[in-house]
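The values are calculated or read from the model by the stated rules, or taken from the named source; none is laboratory data. These figures come from a predicted structure and were not determined experimentally. Every residue, glycine among them, receives a Cβ derived from its backbone with ideal geometry; neighbour counts consider all protein chains shown. Quick note on the areas: whole protein, heavy atoms, side chains included, nothing else; ligands and nucleic acids left out. Shrake-Rupley method; radii C 1.70, N 1.55, O 1.52, S 1.80 Å.
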Amino acid sequence: MMEPLILHEDPRSGNCYKIRLTAALLGLPLERREYDIMEGETRTPDFLANVNPNGRIPVLQVGDRFLPESNAACWYLAEESPLIPQDRFTRANALRWMFFEQYNHEPNIATLRFWLLFVGEANLSDQQRGQIAAKRIAGEGALALMDEHLEQQPWFAGDRPSVADVALFAYTHVCEAGGFRLQDHPHVRAWLDRVSGLPGFVPMK
C-alpha cells in the first residue's frame, strides 16, 4: 500500500500539474499544499529547512520523505502501472522524452509562458528580454520535433500513453500563453485531444 501523498505546489505551474495529472490518471489520492512562488513562499526558512533546500516546487511528499523534481515524482507514482512501458527499450524511450521535456521543451516553452503571462514583458530584465527570441526559436523547434514524431505514432513511447505523454502535455497544452502557435502543429493538437480524453483526466487549475 502506498504511503500518504502530499504535493507541495503552485497550481499555476505545469511541472506541478504533471504530478496531479499522473495521480488522477492512476486514481491515486493526493493532498495538495499550495505556495505562491511570486510571493517567495518557497524561499522561506521553513520551506528550505523542511520541504526542499533548493527552494523550488513541485515536491512530492511520500509519508515523511520528500521527492523534488516533477518527472521523478511522476515516475515514482507511475511505477508498476500501465503508464510505465514494460518493454525495456520502450521504457528507456519514455525516459528519453522526459529528458527532452526538461532540456529542450520546458526551459523555452514554460519560461516564456511564465515571463509573459505572470511576470509581464514590461517587468522583465534586459537580460531576460534579450533571451526571448532564442527561447522562441528553441521552443518552436521542440514543438516541430514533437509534431514530426506524432505524425508517425499516436503516443511518445510505444503504442499507449505513458509518463512521457503526461510530462510533455503539461506545458504544451498551454504553450500559446508563451506566444507559440498550436495551429502550426496539427499532430501535436490531435495528441493533446487524445491525452485530454484519457479516463481520469483532470484539467490544469
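Table for the structure above
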{"read-out": "Subset of region 131-149 [of a type in the set (A, V, I, L, M), open to solvent by less than 50 Å² (accessible area, probe 1.4 Å) and over 19 Å from L192 (Cα atoms)]", "value": "I132, A138"}
{"read-out": "Selected residue (criterion: farthest from the chain's Cα centre (by Cα)) from residues of region 109-130 that are exposed (fewer than 12 other Cβ atoms within 10 Å of the Cβ) and assigned to a loop (DSSP other than H, G, I, E, B)", "value": "S125"}
{"read-out": "Any hit, region 91-108, residues being open to solvent by 20 Å² or more (accessible area, probe 1.4 Å) and either farther than 30 Å from R136 by Cβ or at pLDDT below 95 (or both)", "value": "yes"}
{"read-out": "Index of the failed condition, L7 passing every other in (1) under 22 Å from S162 (Cβ atoms); (2) touching a residue at least 24 places away in the same chain (Cβ under 8 Å); (3) aliphatic (A, V, I, L, M); (4) assigned to a helix (DSSP H, G or I)", "value": "(4)"}
{"read-out": "Region 69-90: number of residues that are buried (at least 21 other Cβ atoms within 10 Å of the Cβ) and not hydrophobic (A, V, I, L, M, F, W, C)", "value": "3"}
{"read-out": "Contacts under 6 angstrom Cβ, first residue in region 156-168 being of a type in the set (G, A, S), partner at pLDDT 95 or above and open to solvent by 10 Å² or more (accessible area, probe 1.4 Å), 6 or more apart", "value": "A157/P85; A157/T90; A157/N93; G158/P85; G158/T90; S162/L83; S162/P85; A167/N71"}
